[in-house]
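Enquirer: So that we are looking at the same thing, I have put the structure below in structure tokens.
The values are calculated or read from the model by the stated rules, or taken from the named source; none is laboratory data. Source: prediction; values computed, not measured. Virtual Cβ from ideal backbone geometry, glycine too; neighbours counted across all protein chains shown. Surface accessibility is based on the protein's heavy atoms, side chains included, excluding ligands, DNA and RNA. Shrake-Rupley method; radii C 1.70, N 1.55, O 1.52, S 1.80 Å.
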Amino acid sequence: MTGSGVSEFDQATAVRLTGEGRYAAELHPEWSIGGKPNGGYLLAILARAGCLSAGPEHPDPLGVSAAFPASPEPGQVEVEVEVVRRGRAFSTLRVRMTQDGAPQIDA
């Protein structure tokens, strides 16, 4: 934990709203293996953006599946969330990460 009461993981997976369903994030090199960000770390960033877009009715992901067409570098990324279906019990979302306009992850 840092002095602010926010964990290092919370800080490393933080996303910033930049528009409707659009977020910016910074991939930290400390969460990398062999110079590439860890896949679970990347999914945590996508899940955080998805949960924010799903709203308070659905605060936690029940399941996540992803394809990794590329491996992003540490640095700035963009995350786009599309609400496919919003239901009473759960919502279905599609979340995409891009870096410099190139697709990196589709979940």
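Enquirer: Which condition number in (1) crowded, with 17+ Cβ neighbours inside 10 Å; (2) more than 10 Å from the chain's Cα centre (by Cα); (3) free of Cβ contacts under 8 Å to residues at least 12 places away in the same chain is the one that Cys51 fails?
Expert: Every condition holds for Cys51 apart from (2).
Enquirer: Another one. Only residues in segment 4-16 that are touching a residue at least 40 places away in the same chain (Cβ under 8 Å) count as the first member; pair them with residues that are surrounded by 11 or more Cβ atoms within 10 Å (Cβ to Cβ) and part of a helix (DSSP H, G or I), Cβ under 6 angstrom, at least 6 apart or cross-chain, and list the lot.
Expert: Val15/Arg48; Val15/Ala49
Enquirer: For segment 1-13, enumerate the residues that are touching an Asp or Glu at 6+ places or on another chain (Cβ under 8 Å) and open to solvent by less than 50 Å² (accessible area, probe 1.4 Å).
Expert: Thr2, Ala12
Enquirer: Looking at (1) outside any strand (DSSP E or B); (2) of a type outside the set (D, E, K, R); (3) farther than 18 Å from Asp106 by Cα, which is the only condition Leu17 fails?
Expert: With respect to (1) outside any strand (DSSP E or B); (2) of a type outside the set (D, E, K, R); (3) farther than 18 Å from Asp106 by Cα, Leu17 is out only on (1).
Enquirer: Could you say which residue among Ser71, Ser65 is of a type outside the set (Phe, Trp, Tyr) and either touching a Ser or Thr at 6+ places or on another chain (Cβ under 6 Å) or open to solvent by 80 Å² or more (accessible area, probe 1.4 Å) (or both)?
Expert: Ser65
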